[in-house]
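Below is one structure, written out as structure tokens; the observations come after it.
Derivation of every value follows stated rules applied to the coordinates shown; laboratory data play no part. Every value quoted in this text rests on a predicted model; they were computed, and no experiment measured them. So basically every Cβ, Gly included, is an ideal-geometry build from the backbone, and we count neighbours across all protein chains shown.
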């Protein structure tokens with residue numbers, strides 16, 4: 001703490017000078033390593049390496065200028081940092097506003113930090129920039145990604161922690177060539193988004209919070225967890241694979257999504273959607289095209305049109321749905337979903353499969369206008385309280 | 001031979017007789033008939049006509065009546081003919097002002113749609129799978145309650161729905177879903193669980209005791225409270241679950257005020273706990289595992305020393321937690337438009353209570369009035385301001 005206070009005075013260093021310092025520090029480090037390896041025996045080298053490894057490891061990469069001093073390598077923009085650090089580094093991002101489009105092409109961790117009574121590092125749309133798309137999804141949409149993770153070399157995880165990505169002012173329109181994404185993990189990438197906030201991706205109906213995809217082998221694993229998503233006019237979290245079997249396994253857990261048109265939308269992936277909390281919008285969780293195995297469990301969907309829409313081989317269990325027009329709906333596919341041990345309260349209709357296959361059992365429905373609409377056969381093993389009409393329009 | 005036959009017949013008759021005695025069912029609404037059923041046309045006639053301790057099955061249908069239960073029994077909605085909704089509604093075709101039928105220890109005269117009072121012999125009154133609809137119950141602006149357990153009563157409310165307890169156009173909001181209270185006398189235990197409580201303008205579920213120590217032990221769990229609708233002149237406050245001086249466990253409930261319900265000021269509360277009118281301290285609540293969202297107001301508020309708030313999830317609310325001296329642990333607070341874990345008793349940065357292991361993500365302001373050493377026991381991410389000025393050391 002006293003160290004930080006003492007060093008605050010150097011924060012006025014110009015951007016240019018700070019970059020020079022960075023280069024100088026790295027050069028010194030490199031020279032020292034060369035000297036050691038050439039002139040000392042292995043045993044001695046090992047001992048010295050142990051001794052000097054702690055100051056070397058203590059080099060911290062930082063953006064924004066809140067942390068300075070010998071142990072810090074400073075960058076003025078996130079974009080400069082993500083290309084300027086060694087692969088696998090952690091970059092600490094000071095609280096502040098960063099009007100930039102960030103492309104990450106090497107494994108690293110981008111972490112927002114707390115300084116001087118603020119903990120919000122925000123990546124925003126550059127007000128002087130042009131919203132030209134920088135990535136094309138495997139499903140064909142050209143999109144403007146605020147943070148793009150693509151062509152990561154060497155392969156490795158890109159992690160984003162404690163960062164806010166705000167899409168305000170980024171209405172790029174809505175078509176196959178227009179749309180905005182907060183964070184885009186392109187094919188072949190992997191990593192974790194944790195404790196982040198993604199908001200205001202409003203693009204005339206083509207705004208996405210986080211987009212994860214993989215369109216080829218090998219399979220990738222991506223996690224999105226403990227993050228806050230709100231005011232997004234397409235999907236809060238969108239995860240896609242177009243391969244059979246799927247090459248994307250997504251873990252989507254502990255996120256809070258509010259007022260996203262679709263809270264969580266998945267298409268053709270494996271994985272688990274667990275313990276998320278989605279309210280508002282028109283659909284809580286939408287699971288389409290499931291040639292693989294995906295489990296939707298322990299989620300809450302409330303104050304929305306459709307709670308959870310799923311099909312194929314998906315499983316939904318122990319979810320809570322409330323104050324919706326529909327509890328569970330269909331997205332097609334065989335063998336049809338398994339829906340069990342869920343609670344649906346205060347809804348228009350509990351389960352409306354539109355004559356698609358599926359098993360729905362051991363659920364509790366309370367306070368519904370209609371229990372089952374267009375079900376193939378009368379579902380059994382559920383408990384229904386306060387339901388005006390238990391079954392309507394049964395399928396032949 | 002004939003003697004053997006006589007014994008045989010006697011045995012058969014006895015069996016048949018005892019079977020029908022055991023199978024005697026009490027039923028309202030006429031969907032179940034036959035020798036084994038005793039039928040009633042109204043719920044009111046049934047609750048006074050059955051032996052104490054009976055179960056009364058209520059057929060799907062609409063029951064426009066005010067029900068007073070004064071003996072232990074179970075009132076249970078059943079499924080018949082493609083419906084499982086038995087609805088008790090307000091019977092007031094002329095729209096005349098409704099006359100109160102009970103006086104609350106806390107809030108004066110109340111019009112209760114289902115009143116549990118003066119239960120003799122002592123024993124639980126259980127209400128299961130019934131809908132209580134208060135449409136039209138705002139006539140004359142009474143304090144309106146869907147279900148009211150008066151002093152000295154006990155029982156369980158399970159898988160019930162209460163709705164439309166609203167007092168539109170009235171000066172003060174006074175529509176309540178489920179209300180349990182106990183004044184002086186032996187301790188009572190009341191459970192409200194797995195119920196859907198929606199479209200009310202005052203309190204969804206509340207437990208009240210004005211005694212110290214508390215005479216009411218309430219368990220409020222697994223309920224879904226939604227759509228607090230602010231329809232009154234005064235824009236009075238409304239709350240999902242309220243505890244006044246009772247000893248309550250408030251767990252795994254799910255409270256949202258609904259999208260787009262933004263009153264003029266942040267006056268909605270998810271869970272709120274007060275001491276009783278005498279300000280006695282120690283009748284504490286434990287609020288754990290609750291989910292509070294989409295509420296323009298305060299998710300969990302404790303104005304009573306010693307309450308516990310643990311492992312709750314709070315999102316898209318004005319403020320997450322407002323507490324005096326409490327144990328506040330492992331809660332997750334996200335997207336609070338003016339959201340903070342708020343230590344209201346300690347603006348001078350005293351270090352009372354335990355506030356640790358909470359995650360505050362995506363707030364404008366994370367903490368108020370909390371020493372830095374305590375803030376550091378929590379996780380803050382994406383918060384514009386970590387602690388309100390003046391900052392604690």
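Observations on the structure shown:
- Peptides A:375-384, A:167-176, B:324-333 ranked from most to least packed by the mean count of surrounding Cβ atoms within 10 Å: B:324-333, A:167-176, A:375-384.
- What the Cα atoms of segment A:177-247 give is an Rg and a Dmax of 12.4, 34 Å.
- Remark: A:282, A:249, B:257 ranked as A:282, A:249, B:257, counting other beta-carbon atoms within 10 Å and listing the fewest first.
- Highest GNM mean-square fluctuation among B:128, B:208, B:241, for chain B modelled with Cα contacts below 10 Å: B:128.
- Taking all Cα pairs closer than 8 Å and separated by 6 or more residues, the relative contact order of chain B comes to 7 percent.
- Segment A:316-369 versus segment A:235-300: alpha-carbon centroid distance in Å: 16 Å
- Sites residue A:216 and residue A:105 - FRET efficiency at Förster radius 22 Å, r taken between beta-carbons, to 0.05: 0.80
- Between 0 and 90°, nearest 10: helix A:15-39 axis offset from chain A longest Cα axis: 70 degrees
- Panel order for A:338, B:166, by other beta carbons found within 10 Å of each beta carbon, from fewest to most: A:338, B:166.
- Kirkwood-type radius of chain B, with distances r between different C-alpha atoms, in Å: 22.3 Å
- Across peptide A:300-313, the mean count of Cβ atoms from other chains lying within 10 Å of each residue's own Cβ comes to 2.
- Kirkwood hydrodynamic radius of segment B:51-255, from the reciprocal of the average inverse Cα-Cα distance over all distinct pairs: 16.6 Å.
- Test item: B:307-320 mean partner chain Cβ contacts at 10 Å: 2
- Stokes-Einstein diffusion for segment A:252-396 at 20 °C, viscosity 1.002 mPa s, with a Kirkwood radius from C-alpha pairs, works out to 149 µm²/s.
- Helix axis angle, A:42-57 relative to chain A longest principal axis, alpha carbon, degrees: 70 degrees
- Overall shape of segment A:131-281 was characterised from the C-alpha gyration tensor. The equivalent ellipsoid obtained from it has semi-axes of 21, 18, 14 Å, in decreasing order.
- Here is how the number arises for the protein assembly as shown: DSSP H runs of 4 or more residues each give -39500 (n - 2.57), the sum is divided by the residue count, and the result at 222 nm is -3500 deg cm²/dmol.
- Highest mean packing first, where packing is the average number of other Cβ atoms within 10 Å per residue, the peptides A:197-203, A:186-192, A:108-114 line up as A:197-203, A:108-114, A:186-192.
- Take each residue in B:372-383, count the other chain C-beta atoms within 10 Å of its C-beta, and the mean is 5.
- Of A:149, A:354, A:181, the one that fluctuates the most in a GNM where chain A has Cα springs shorter than 10 Å: A:354
- Diffusion coefficient, µm² s⁻¹, Stokes-Einstein with Kirkwood Rh over alpha-carbon pairs of the protein assembly as shown at 25 °C and 0.890 mPa s: 85 µm²/s
- Stokes-Einstein D (µm²/s) once Rh is taken as the Kirkwood radius of chain A over alpha-carbon pairs, at 20 °C in 1.002 mPa s: 94 µm²/s
- For chain B, the longest principal axis of the alpha carbon atoms and the long axis of helix B:2-22 meet at an angle near 30°.
- Two-site FRET efficiency, residue B:372 against residue B:38, from Cβ-Cβ distance with R₀ of 56 Å, rounded to 0.05: 0.20
- Separation of alpha-carbon centers, segment B:79-105 and segment B:116-130, rounded to whole Å: 17 Å
- Sorted peptide list for B:218-229, A:94-105, criterion being average Cβ within 10 angstrom, highest first: B:218-229, A:94-105
- Averaging Cα coordinates gives a centre for segment B:192-209 and one for segment B:39-70; these two points are 22 Å apart.
- Sorting B:172, B:216 from the fewest to the most surrounding beta carbons within 10 angstrom yields B:172, B:216.
- Percent of beta bridges antiparallel (DSSP, the protein assembly as shown, rounded to nearest 5): 5 percent
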